Amino acid sequence: MLKHFKGWRQLFLKPRFLKVILLINVVGSIYGYYWYSVQLWLTPLKFWIFVPDSPLSTTLFSLSILLILCQRRIPFLNFLAFISVIKYGLWAIFVNTHFWLLSGQVHWVEVMLWLSHLGMVIEGIVYLRFFPPSFFEWGAVGVWLAINDYVDYAWALHPYLYLQAQLPVVEVITYCLTFVLLFVTIKVVWRVRS
């Protein structure tokens, strides 16, 4: 099993593969900011950092991959990027699936969003395994995620939802995702760093 993982590690860290992942995430980020353009236009500039959760996470992921390509690492950025693409990937998968269940409508745009966010989850898990965080990075990122969750729902800056009826369930799922991801990753940190 470990032999196979080492082979995959070599593939995922090859410059050619990293460049493809970088390109995919840059294009996805651009589309994501376009997706959020109306909400950003209606939101005061000082709160923009809290609005486009998915494209911001893929932008951070892109920056992290670019630094890996340049043989540089910023561990805090890596962990923030990797955990964010996992969280907001899962979040979008849930929101789209929940919408389909409530409305009975499935459109190609939501299917494309569902699949692209599944890709975010997968890439976050893959690269998190290669670059586990320290306790400090885990704590700092945990604080950021908690603040972002609070601001999203206490100040109504969360991404627009398809249906208003989704809000109570999505809010709970958002907090649960943060808690579960931090719980799972602290176990990884403890195992790797102890």
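If you go through the range 158-189 and keep only what is surrounded by 13 or more Cβ atoms within 10 Å (Cβ to Cβ), more than 17 Å from the chain's Cα centre (by Cα) and farther than 23 Å from Gly104 by Cβ, you end up with Ile186, Val188, Val189. It is to be established whether one or more residues within the range 61-68 are within 22 Å of His158 (Cα to Cα), in a helix (DSSP H, G or I), open to solvent by 50 Å² or more (accessible area, probe 1.4 Å) and touching a residue at least 40 places away in the same chain (Cβ under 8 Å). Within the range 61-68, none of the residues are within 22 Å of His158 (Cα to Cα), in a helix (DSSP H, G or I), open to solvent by 50 Å² or more (accessible area, probe 1.4 Å) and touching a residue at least 40 places away in the same chain (Cβ under 8 Å).
Could you go through the range 69-84 and let me know if any residue there is loosely packed, with under 13 Cβ neighbours inside 10 Å, farther than 21 Å from Ala140 by Cβ and among the charged types (D, E, K, R). No, every residue in the range 69-84 fails to be loosely packed, with under 13 Cβ neighbours inside 10 Å, farther than 21 Å from Ala140 by Cβ and among the charged types (D, E, K, R). Within the bounds of the range 103-116, is there any residue that is touching a helix residue (DSSP H, G or I) at 6+ places or on another chain (Cβ under 9 Å), open to solvent by 30 Å² or more (accessible area, probe 1.4 Å), of a type in the set (Gly, Ala, Ser) and at negative phi? Scanning the range 103-116 turns up at least one residue that is touching a helix residue (DSSP H, G or I) at 6+ places or on another chain (Cβ under 9 Å), open to solvent by 30 Å² or more (accessible area, probe 1.4 Å), of a type in the set (Gly, Ala, Ser) and at negative phi.
For Leu22, the conditions (1) touching a residue at least 24 places away in the same chain (Cβ under 8 Å); (2) among the hydrophobic types (A, V, I, L, M, F, W, C); (3) out of contact with any helix residue (DSSP H, G or I) (no Cβ under 7 Å at 6 or more places or on another chain) are fulfilled apart from (3).
Would you mention how many residues in the range 35-48 are surrounded by 12 or more Cβ atoms within 10 Å (Cβ to Cβ) and in a helix (DSSP H, G or I)?
So the answer is 5.
Taken over the range 85-98, the criterion of being in contact with an Asp or Glu (Cβ under 7 Å, 6 or more places away or on another chain) and surrounded by fewer than 23 Cβ atoms within 10 Å (Cβ to Cβ) is satisfied by Asn96 alone.
When you look at Val151, is it open to solvent by less than 20 Å² (accessible area, probe 1.4 Å), outside any loop (DSSP other than H, G, I, E, B) and touching a helix residue (DSSP H, G or I) at 6+ places or on another chain (Cβ under 7 Å), yes or no?
Working: open to solvent by less than 20 Å² (accessible area, probe 1.4 Å): yes; outside any loop (DSSP other than H, G, I, E, B): yes; touching a helix residue (DSSP H, G or I) at 6+ places or on another chain (Cβ under 7 Å): yes.
Criteria met by Val151.
Residues being open to solvent by 20 Å² or more (accessible area, probe 1.4 Å), outside any helix (DSSP H, G or I) and not basic (Lys, Arg) are represented in the range 121-131 by at least one member. For first residues located in the range 112-131 and within 15 Å of Trp35 (Cβ to Cβ), partners that are open to solvent by 20 Å² or more (accessible area, probe 1.4 Å) and among the β-branched types (Val, Ile, Thr) and lie 6+ apart or on another chain with Cβ distances below 7 Å form the pairs Trp114/Ile93; His117/Ile93.
If you check Glu137 against the conditions, is it in contact (Cβ under 8 Å) with a residue 40 or more places away in the chain, under 14 Å from Val189 (Cβ atoms) and surrounded by 13 or more Cβ atoms within 10 Å (Cβ to Cβ)? Walk me through how you get there before you give the answer.
Working: in contact (Cβ under 8 Å) with a residue 40 or more places away in the chain: yes; under 14 Å from Val189 (Cβ atoms): yes; surrounded by 13 or more Cβ atoms within 10 Å (Cβ to Cβ): yes.
In short, yes.
Considered as a group, the residues in the range 104-135 that are modelled with pLDDT of 95 or more and of a type in the set (Gly, Ala, Ser) include one that is farthest from Phe61 (Cα to Cα), and that residue is Ser116. Taken over the range 9-34, the criterion of being open to solvent by 50 Å² or more (accessible area, probe 1.4 Å), of a type in the set (Val, Ile, Thr) and within 22 Å of Val126 (Cβ to Cβ) is satisfied by Val20, Ile24, Val26, Val27.
The values are calculated or read from the model by the stated rules, or taken from the named source; none is laboratory data. Computed from a prediction, not measured in an experiment: that's the story for all the values here. Virtual Cβ from ideal backbone geometry, glycine too; neighbours counted across all protein chains shown. The protein model used for the area step is the full one, side chains on, heavy atoms only, and it has no ligands, DNA or RNA in it. Shrake-Rupley method; radii C 1.70, N 1.55, O 1.52, S 1.80 Å.
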